[in-house]
Amino acid sequence: MTNPQNSTNEEFAIQLINMNKWYGDFHVLKDINLNVKEGERIVICGPSGSGKSTVIRCINHLEEHQKGQIIVNGEEITGDVKQLERLRTDVGMCFQHFNLFPHLSILDNLTLAPIWVKKIPKAEAEATAMKYLERVKIPDQALKYPGQLSGGQQQRVAIARSLCMDPKIMLFDEPTSALDPEMISEVLDVMIELANEGGMTMLCVTHEMGFAKKVADRVIFMDAGQIIEENNPEEFFNNPQSERTQLFLSQIIDH
Amino acid sequence: MYVTDKILPELPAPSNSKGLIHWFKVNLFNGPFNTLFTLLAAFLLYKIIPPAIEWAFIDATWFADSSSECKLENGDRKDGACWAFITNRFDQIMYGFYPEEERWRPNLAGIMLVLLTIPLFFKKTPKKAWLGGFILVIFPFIAFVLIRGGYFGLEVVDTGKWGGLMLTLIISLVGILFALLFGTILALGRRSSMPIVKSLSVVFIEFWRGVPLITVLFMSSVMLPLFLPEGTTFDKLARAMIGIILFQSAYVAEVVRGGLQAIPKGQYEAAAAMGLSYWKSMFLVILPQAMKLVIPGLVNTFIALFKDTTLVLIIGLFDLLAIIENVLGSDNAWLGFHTEGLVFAAFVFWMFCFSLSRYSMALERQLDTGHRN
């Protein structure tokens, strides 16, 4: 793997090299360069419209980038359908609006991909599903439907659903933004637990600065389609370098 | 400052039933206009319903060996309905020209279908998917061999002899099954990102939706043989069925497409992000939700299809209505009992359509996982 920015031999889970993306004429991502080590936990923040969600949506190719390279687990993403299906089993994703399948029970939501993609026998998939439901602390909801659960419960189910595929990388796209305030902490607790276990590479787009301080190895600040600043959480929050970062942080903390 | 330390108890909602007289006052006699319309409607119902009941039930002749029993001595019709016309020719209305001694074959096929289908309505039936698959894939062959014959020593009964309600049901069931299948594929095709698949689907849908069904049937029966090489024969019933399927699948496609568009983008993304392939995400995630949404539209289309089967008359197939109208209607022994025939045909069609409609409503309720508590 050639990498102009970083030529160490370390094993990277994700490499973004000069990635660019346009929506029509609008240049939404400009020369994004990012190396994520295996097991690293990264928080991406920035004002709305800065392109932070687009970055992680490009990593599992829900959005297509037009220029540059994306390398996941050592493989460059080409858009080839078979390659994508394989890569996506290793890359879990949690969405802002949970996107559980409303026509399936919670248990069926969790076992769908393991059974149909990984060809795991039903009984085994269900045992795994129950294990993860216990981890997110809602095993008693297994036979209900998503519509019967609160937002916080739905998001925890969505996290469990991703974990059932045993992914190496987890992408979180503003997982708490659509939640009522009193439900945010139950979701963050699950994510903190997951991060503290280690071993899993995590990329999290979020405005939860407390979460970033607690678990992130690195915080990345984006604005107008660019990575503006990147640092460890302590330096990032206590000693932000760029003016835009300072402004952003002051606006968050002031409230 | 205000602080409370007591939690208010939950009380039952106030009762809103105020008795029958109150209901009448509010709903039927609310102001002069409402009262006037209520009285007018009551008068019309009084004028229509008792005579209709008298004609159809009280004065009716139910069974008779010949039409003379429905007539007065001077040859005029009796006042009541002559259902004897229907009961006397019931077999022909059901089977058309299907030979009498072979009618156990369609009966057996029908009974098999009913018995196979019943377990599907029970939630706890094991291996439902396999049973459903058997009914959809294997059973049609069994039914075809049974009804047409030609194997296992069964005498061949040419499709030209099939008729009556049996033919109506065969065309409808085959039509619904295949129109649903092709229609769904066309709907997916129309939303495909592949330009060739997409344009083929659009052209197909717009073409078949734009021509009247009667033209399709006429073309398939009269024009098509002209283009085929000399000596090729192609079963008339099969041609009619193909025409109906192509025509209705265009309608089904647009109904299903409406459902596909109503599914939020997040569902497609979640399915894709889990590594499901296109077909798996369609069949496991998107279509189950989309189909549930479009049940009312699909039932609409199927009811139309069911009633449109009466058009096969113009290519010389005798379905339920055609037997009553054209075969029995010109039967000298029972001349002049048109009305009874049409009322009966309307009743049979209505019964099937209404059952379909009720069933679909029950299905909608059963599949509703939205906000069940």
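Where a number appears in this text, it was derived from the coordinates with a stated rule and is not lab data. What you are looking at is a predicted structure, and each value in this text was computed from that prediction instead of being measured. Cβ: placed from backbone, ideal geometry, glycine included. Neighbour counts: every protein chain shown.
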*asked:* With +1 on the Cβ of every Lys and Arg and -1 on the Cβ of every Asp and Glu, and nothing else charged, how large is the dipole of region B:246-373 about its Cα centre, in debye rounded to the nearest 20?
replied: 700
*asked:* Can you tally the net charge around B:ILE53? Count Lys and Arg as +1, Asp and Glu as -1, for every other residue whose Cβ sits under 14 Å from the Cβ of B:ILE53.
replied: -2
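Local charge sum around B:ALA345 (other residues, Cβ-Cβ under 13 Å, Lys/Arg +1, Asp/Glu -1)? Show your work: numbers first, answer last.
Values: positive: B:ARG89, B:LYS307; negative: B:ASP319, B:GLU325, B:GLU340.
Neighbourhood net charge equals -1.
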*Return the lysines within reach of B:LYS123: Cα separation strictly under 27 angstrom, same-chain partners fewer than 8 residues apart disregarded; answer none if there are no such residues.*
A:LYS119, A:LYS122, A:LYS144, B:LYS280, B:LYS292
_Between 0 and 90 degrees, rounded to the nearest ten: what's the tilt of helix A:81-90 against the longest Cα principal axis of chain A?_
80
*For the protein assembly as shown, what is the Kirkwood estimate of the hydrodynamic radius, computed as the reciprocal of the mean inverse distance between distinct Cα atoms, to one decimal in Å?*
30.5
*Run through the DSSP bridge list for the protein assembly as shown and note the antiparallel percent, rounded to the nearest 5.*
50
_region A:193-255, Cα convex hull volume normalised per residue, Å³_ = 91
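Need one number: convex hull volume per residue for chain B, Cα atoms only, in Å³. Numbers along the way, then the final one.
Values: hull volume 112.0 nm³, N = 373.
So the per-residue Cα hull volume is 300 Å³.
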*In region B:52-208, what is the volume of the convex hull around the alpha carbon atoms, normalised per residue and reported in Å³?*
237
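For chain A, what proportion of DSSP beta bridges, expressed in % and rounded to the nearest 5, is antiparallel?
Numbers: 20 of 37 bridges.
So the antiparallel bridges amount to about 55 percent of the total.
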*How big is region A:3-125 in terms of Cα radius of gyration and Dmax, in angstroms?*
16.5, 50
*Principal axes first, then extents: for the Cα atoms of region B:120-246, list largest minus smallest coordinate on each axis, whole Å, largest first.*
50, 48, 25
*By how many nm would the segment from B:ASP91 to B:LEU8 grow when fully extended, if each residue of separation counts as 0.36 nm and the alpha-carbon distance is taken off?*
22.8 nm
*Under the Karplus relation 6.51 cos²θ - 1.76 cosθ + 1.60, θ = phi - 60°, what is the ordered set of whole-Hz ³J(HN,Hα) values for region A:146-161, x standing for Gly and Pro?*
x, x, 8, 9, 6, x, x, 5, 4, 5, 5, 4, 4, 5, 4, 4
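For the pair B:LEU181 and B:LEU224, what calculated FRET efficiency results from E = 1/(1 + (r/R0)^6), where r is the Cβ-Cβ distance and R0 = 30 Å, to the nearest 0.05? All intermediate terms of the calculation are to be shown ahead of the outcome.
Numbers: r = 23 Å, r/R0 = 0.75.
The computed FRET efficiency comes out at 0.85.
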*May I ask which residue of B:SER249, A:ALA13, B:PHE337 lies farthest towards the positive end of the charge dipole of the protein assembly as shown, with charges of +1 (Lys, Arg) and -1 (Asp, Glu) on Cβ and the Cα centre as origin?*
B:PHE337
*Can you give me the P(r) profile for region B:1-135? Cα pairs, bins 10 angstrom wide beginning at 0, each as a whole percent.*
9, 14, 13, 16, 21, 16, 5, 3, 2, 0
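Based only on other Cβ atoms within 10 Å, what is the fewest-to-most ordering of B:ASP5, A:ASP140? Intermediate values should be presented prior to the final figure.
Working: B:ASP5 4, A:ASP140 9.
So the ranking, lowest neighbour count to highest, is B:ASP5, A:ASP140.
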_Amide H contacts under 5 Å for A:GLU229, placed H, 5+ residues apart_ = A:PHE221
*For chain B, which DSSP H helices look membrane-span-like by this rule: Cα extent along the axis of 30 Å or more and mean Kyte-Doolittle of at least 1.0?*
B:32-53, B:164-190
*What ratio of Cα Rg to 2.2 N^0.38 Å holds for region B:226-305?*
1.56
*Taking chain A as a Gaussian network, where each spring joins two C-alpha atoms under 10 Å apart, which residue of A:GLY51, A:GLY147, A:GLY24 fluctuates the most?*
A:GLY24
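Order by neighbour count: B:CYS70, A:CYS164, fewest other Cβ atoms within 10 Å first, most last. Walk me through the numbers on the way to the answer.
Numbers: B:CYS70 21, A:CYS164 26.
Going from least to most buried by this count: B:CYS70, A:CYS164.
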_Based on alpha-carbon centroids, what's the gap between region A:118-194 and region B:273-314 in Å, whole number please?_
32
_About the Cα centre, charge dipole magnitude for the protein assembly as shown (Lys/Arg +1, Asp/Glu -1 at Cβ), debye_ = 720
*Helix A:122-135 axis, angle to chain A major axis (alpha carbon atoms, nearest 10°)*: 60
*Pull out the extension gain between B:SER193 and B:ALA52, defined as 0.36 nm times the separation in residues minus the alpha carbon to alpha carbon distance; nm, one decimal.*
44.9 nm
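Looking at chain A, what % of the alpha carbon pairs are farther apart than 33 Å? Walk me through the numbers before you get to the answer.
Details: 6106 of 32385 pairs.
Distances greater than 33 Å cover 19 percent of the Cα pairs.
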*Positive dipole terminus of region B:133-280, leading residue within B:MET274, B:GLY175, B:SER199 (C-beta point charges)*: B:MET274
*What residues of region B:79-114 lie in the reach of a label at B:PHE141, counting those whose backbone N is under 18 Å from a point 7 Å from the Cα along Cα→Cβ?*
B:109, B:113
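Filter the trypsin sites (Lys or Arg not before Pro) in region A:36-138 to those in DSSP coil with at most 15 other Cβ atoms within 10 Å of their Cβ, and list the result. Don't skip to the answer; put the middle values down first.
On the way: sites: A:LYS37, A:ARG41, A:LYS52, A:ARG57, A:LYS67, A:LYS82, A:ARG86, A:ARG88, A:LYS118, A:LYS119, A:LYS122, A:LYS131, A:ARG135, A:LYS137; in loops: A:LYS118, A:LYS119, A:LYS137.
Answer by residue number: A:LYS118, A:LYS119, A:LYS137.
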*Tell me the label-point distance for the pair B:LYS128, A:ASN239, using the 7 Å Cα-to-Cβ offset, in nm and rounded to one decimal.*
6.4
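So if I place +1 on the C-beta of Lys and Arg and -1 on the C-beta of Asp and Glu, and nothing else carries charge, what would the dipole magnitude of region B:94-143 be about its Cα centre? I want it in debye, nearest 20.
Numbers: 6 positive and 3 negative charges, 103 e Å.
So the dipole magnitude of region B:94-143 works out to roughly 500 debye.
Give me the percent of Cα-Cα pairs in region A:58-99 that sit more than 12 Å apart, rounded to a whole number. Mind dumping the intermediate values first?
Details: 518 of 861 pairs.
Of the Cα pairs, 60 percent sit more than 12 Å apart.
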*Which lysines, on any chain, are close to B:LYS78 with Cα under 29 Å apart, when same-chain ones fewer than 8 places away are left out?*
B:LYS47
*Take the Cα coordinates of region A:78-212, assign each an equal point scatterer, and use the Debye formula without solvent to give log10 I(q)/I(0) at q = 0.12 Å⁻¹.*
-0.44
*From the C-alpha gyration tensor of region B:153-206, square roots of 5λ in Å*: 36, 11, 9
_Set of aspartates and glutamates near A:LYS30 by C-alpha distance (under 18 Å), chain-local residues within fewer than 8 positions excluded_ = A:GLU63, A:GLU64, A:ASP223, A:GLU229, A:GLU230
*List the relative contact order of region A:177-251 as a percent without decimals, with contacts defined as Cα pairs under 8 Å and 6+ residues apart.*
19
*asked:* Let me test this: with uniform point scatterers at the alpha carbons of region B:244-354, what is the Debye-based log₁₀ I(q)/I(0) at q = 0.19 1/Å?
replied: -0.97
*Check A:ALA13: other-chain or 5+ apart residues with amide H under 5 Å from its amide H, H built from backbone geometry?*
A:VAL36, A:LYS37, A:GLU38
